[in-house]
1. More than 29 Å from residue 118 (Cα to Cα) and touching a Pro at 6+ places or on another chain (Cβ under 9 Å), is that true of residue 244?
2. Out of the residues in the range 144-186 meeting the condition of being in contact with a Lys or Arg (Cβ under 8 Å, 6 or more places away or on another chain) and of a type in the set (Asp, Glu), tell me which one is modelled with the lowest pLDDT.
3. So residue 177 ticks every box in (1) within 26 Å of the chain's Cα centre (by Cα); (2) within 23 Å of residue 134 (Cβ to Cβ); (3) of a type in the set (A, V, I, L, M) but one. Which box is left unticked?
4. Among (1) in contact (Cβ under 8 Å) with a residue 24 or more places away in the chain; (2) over 27 Å from the mean Cα position of the chain (by Cα); (3) under 21 Å from residue 260 (Cα atoms), which single condition is residue 212 missing?
5. Among the candidates 132, 71, 162, which residue alone is of a type outside the set (Asp, Glu), touching a residue at least 12 places away in the same chain (Cβ under 8 Å) and surrounded by fewer than 15 Cβ atoms within 10 Å (Cβ to Cβ)?
6. Check residue 151 against each of (1) surrounded by fewer than 17 Cβ atoms within 10 Å (Cβ to Cβ); (2) closer than 13 Å to residue 173 by Cα and name the one condition it does not meet.
7. Answer yes or no as to whether residue 69 is farther than 30 Å from residue 170 by Cβ, over 24 Å from the mean Cα position of the chain (by Cα), among the polar types (S, T, N, Q) and modelled with pLDDT of 80 or more.
8. Output the qualifying pairs, or none if there are none: Cβ atoms under 6 angstrom, residues six or more apart or on different chains, first residue in the range 231-250 and closer than 16 Å to residue 175 by Cα, second residue assigned to a strand (DSSP E or B) and aromatic (Phe, Trp, Tyr).
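The values are calculated or read from the model by the stated rules, or taken from the named source; none is laboratory data. Owing to the predicted nature of the structure, the values given are computational and were not obtained by experimental measurement. As a convention, Cβ positions derive from the backbone with ideal geometry for all residues, glycine included, and neighbour counts pool all protein chains shown.
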Amino acid sequence: MALSLGGAFQRFAFLLFAGLAIGFMVMSRIDHPAVSTVRTQTVDVLAPVIEVVSRPMAAIDAGIARIDNFVDIYDENSRLRDENERLLHWQATARQLAAENDEFRDMLSTVAEPRDAFVTARIIGMSSATFVRTALINAGSIDGVDVGQAVVTSHGILGRIVEVGNRSARILLLSDLNSRIPVALESSRDPAILAGDNSDVLSLIFVADGADIAVGERLVTSGEGGMLPPGLPVGVVTAIEDGAWQVTPFVDPARVEHVRVLDYALPGLLPSTREAGATGQLW
């Protein structure tokens, strides 16, 4: 008897709640002022209850978020610890190689390369017309800027100075049709000439016979002629088209704001606006 009464009550409760749900749904669709008033008053009465009930859920969500954040921080910390270990290994290797290199130089009585001084300037104008690719900087002859000097960023060489005023100078970008600079393959040191054609991609011309070039090969300045410092990062070989190797430069002129103008010269051979050797290593 008790079981039958319990079952009947459960069925009655289910029907009651179902009816209430349907009733609330119907009321929510009715725009009558009385229904709107009842709905508003009901929400006002239930709002504190909803707020109290929602607090534990909010606390649980915040706790889960903290746990996820802790797990992410732990994983990131582990990754950074592994990366730091690798960097320390390479740092020790680099120091050892530098010491060996200094020792070999002393043994061979090698003449040290002249270091370069530089002037930091800001690009104040950019010309990317069909027949010219140049940039204007706010430094000139009174700052030590001279024609032929290399202009670089932290990523590599941007171009060289072609015109100089008292307080401004013009840069011929690597991508300009008139730009030609001597470069070398970083791995084999095979020489070549890098030429611009007023596009965003450069070309290798006059490549040394037998040079082993592959996609992904990095190029640096060779230092031929003594005007550009050797070893400046230039770009990477990306493709071969119509028998010519295509090179993507490391420096995108559209993303450059500040540059360094290098005053590099071989003392006693080429003129210089300042004595070479005023600064240390740039890369």
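1. no
2. Top of the filtered list is 186.
3. Unmet condition: (1).
4. (3)
5. Details: 71 fails: touching a residue at least 12 places away in the same chain (Cβ under 8 Å); 162 fails: surrounded by fewer than 15 Cβ atoms within 10 Å (Cβ to Cβ).
Matching residue, one of 132, 71, 162: 132.
6. (1)
7. Values: farther than 30 Å from residue 170 by Cβ: yes; over 24 Å from the mean Cα position of the chain (by Cα): yes; among the polar types (S, T, N, Q): yes; modelled with pLDDT of 80 or more: yes.
So residue 69 passes the test.
8. 237/245
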